[in-house]
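Below is one structure; the comments refer to it alone.
The values are calculated or read from the model by the stated rules, or taken from the named source; none is laboratory data. What you are looking at is a predicted structure, and each value in this text was computed from that prediction instead of being measured. Reconstructed Cβ throughout: ideal geometry from the backbone, glycine too, with neighbour counts over all protein chains shown.
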Amino acid sequence: MKTLSPRETFDRQLAELKDQLLILGSMVEQITLDAVDALKCRDTEAARRAYLYDQKINDKRFEIESACITIIATQQPLARDLRLLASVLEVATELERMGDYAKGVARICLLMKDQPPIKPITDLPRMAELATDMLHRALGAFVATDADQAAQITEDDDAVDELYNQINRVLLTYMISDPSTIDRANYLTWAAHNLERMADRVTNICERTIYVATGEMKELDVSDDELNKL
Amino acid sequence: MSQTNNNHAIEARNLNIYYGDFLAVRDVNLKIKQRKITAIIGPSGCGKSTMLRAFNRMNELVPTAHTEGEVLYHGKNIYASEVDPVEVRCRIGMVFQKPNPFPKSIYENVAWGARINGYQGNIDELVEQSLRASALWNEVKDKLGQSGLSLSGGQQQRLCIARTIAVKPDIILMDEPASALDPIATLKIEELMREISKDYTIIVVTHNMQQAARVSDFTAFFNLGEDRAGVLEEYDKTKNLFTNPAKQTTEDYISGRFG
């Protein structure tokens with residue numbers, strides 16, 4: 001005879017919710033890589049597809065939010081379950097915003113479509129790869145409630161920031177030497193900024209993982225040294 | 001009696017409670033904060049109600065029960081030989097799971113305890129005060145002569161709370177006070193507990209985790225030890241215990257993994 005587990009339904013609901021969150025995460029990874037690739041290849045069709053794909057991400061986010069609220073209402077979670085569900089709401093919001101950043105990159109591709117390229121785009125795809133890789137690992141750590149891994153991932157944010165600064169420097173040089181590039185260089189700075197913000201939001205997800213695991217709410221990205229330079 | 005200066009209404013010290021040879025509650029140390037609501041939770045058979053009854057010597061009504069250790073009330077051990085258990089139960093009242101009004105009028109239900117304790121003041125005033133304090137006055141003021149048993153379950157329970165309040169206790173013990181009531185009557189009892197905790201210290205045993213989370217300031221989690229004796233596993237502010245308990249067993253219990 002099968003033994004009845006008191007949490008069978010609840011545990012299944014939590015597992016399904018985590019699966020849905022991973023799906024949303026992979027959608028965000030996809031739209032980010034697609035949008036940056038479209039920008040690199042100046043492929044307006046691909047950019048348009050990425051732009052429209054953001055709507056699917058928004059829908060998925062509402063679906064997760066709704067499932068989460070239903071579980072809270074019906075299971076009345078406590079302790080780690082409660083921290084997990086509250087954090088899923090937060091993480092879904094972060095992912096949705098990341099989707100918006102990617103959509104922003106797709107939009108930049110469409111805005112620049114008639115203008116000649118300033119230079120081959122090489123650093124932005126590297127940034128996108130780094131950011132999406134961070135996101136992938138951060139969501140893995142989140143569903144596994146692995147606080148140690150989460151704390152480690154945030155250290156990679158420095159590499160993204162480094163690339164962002166480098167892109168800025170290069171584009172600034174273009175703008176100074178040839179003011180006719182200002183428009184296009186600005187667009188690319190904007191795209192780089194979106195990817196940099198995306199990596200910052202991965203840090204927020206890692207903070208949530210630590211909260212679920214330990215109950216401690218702490219900021220991981222305390223850039224004191226950045227402030228000291230100001 | 002003098003007030004304790006450390007904000008604790010009552011304190012169990014190295015308390016062991018036996019039923020015959022069976023150790024039901026082992027070595028409990030627990031300080032209950034004054035004018036706060038403390039919930040006692042835990043799986044069936046972990047000694048929650050036994051612990052609650054130890055606070056006003058109700059276990060003595062069970063012939064085989066005996067208690068070791070101390071329960072300090074205003075610095076004095078209520079189990080000391082010179083202490084009269086009836087006096088203890090006047091100061092530390094109790095409300096039970098099933099509403100149990102006397103088969104008498106609403107008025108008499110409230111007046112009874114005060115009268116047999118030789119209350120010298122105005123009994124009419126005491127009855128009104130107590131019924132107001134238990135949020136029942138408006139519902140019964142025009143029918144004080146009717147039987148207490150004519151009231152609904154929720155009203156009966158509030159009548160029992162009024163009866164307890166009427167003897168002017170310091171501490172009110174509640175053993176599953178809402179488990180026999182419907183959800184609305186339950187919420188009313190919980191609101192009432194909040195209201196009267198301004199004047200009284202309340203200790204409540206509940207199976208309903210959400211109720212403990214909703215209504216209490218502090219929560220004591222009791223669990224079964226390896227020898228089947230009840231032990232105090234974790235005691236903390238309710239907010240902490242239900243969002244981030246210190247012990248894995250507490251986490252497992254409140255998350256429904258056992259119990």
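Screening A:Ser5 against (1) within 14 Å of chain B (Cβ to nearest Cβ); (2) in a helix (DSSP H, G or I) leaves a single unmet condition, (2). Residues in the range B:230-258 that are surrounded by fewer than 22 Cβ atoms within 10 Å (Cβ to Cβ) and touching a Gly at 6+ places or on another chain (Cβ under 7 Å) were compared, and the one that is farthest from B:Thr186 (Cα to Cα) is B:Val231. Taking A:Met134 as the residue in question, decide whether it is of a type in the set (A, V, I, L, M), assigned to a helix (DSSP H, G or I), closer than 18 Å to A:Arg48 by Cα and away from chain B (no Cβ under 14 Å). When the stated conditions are applied, A:Met134 does not pass them. Remark: B:Glu190 falls outside the filter, which requires a residue to be surrounded by fewer than 22 Cβ atoms within 10 Å (Cβ to Cβ), more than 14 Å from the chain's Cα centre (by Cα) and of a type outside the set (Ser, Thr, Tyr). Here B:Pro99 passes the criteria (1) more than 26 Å from B:Glu190 (Cα to Cα); (2) in contact with a Cys (Cβ under 6 Å, 6 or more places away or on another chain) except the one numbered (1). Does A:Thr74 qualify as being within 14 Å of chain B (Cβ to nearest Cβ) and either over 22 Å from A:Val202 (Cα atoms) or at pLDDT below 95 (or both)? Against the criterion (within 14 Å of chain B (Cβ to nearest Cβ) and either over 22 Å from A:Val202 (Cα atoms) or at pLDDT below 95 (or both)), A:Thr74 qualifies. Looking across A:Ala128, A:Ala213, one residue alone is assigned to a helix (DSSP H, G or I), away from every other protein chain (no Cβ under 14 Å) and either touching a residue at least 60 places away in the same chain (Cβ under 8 Å) or surrounded by fewer than 17 Cβ atoms within 10 Å (Cβ to Cβ) (or both). It is A:Ala128. Comparison of A:Val143, A:Val91, A:Val105 shows that the only residue that is crowded, with 22+ Cβ neighbours inside 10 Å, closer than 30 Å to B:Ala212 by Cα and of a type outside the set (S, T, N, Q) is A:Val91.
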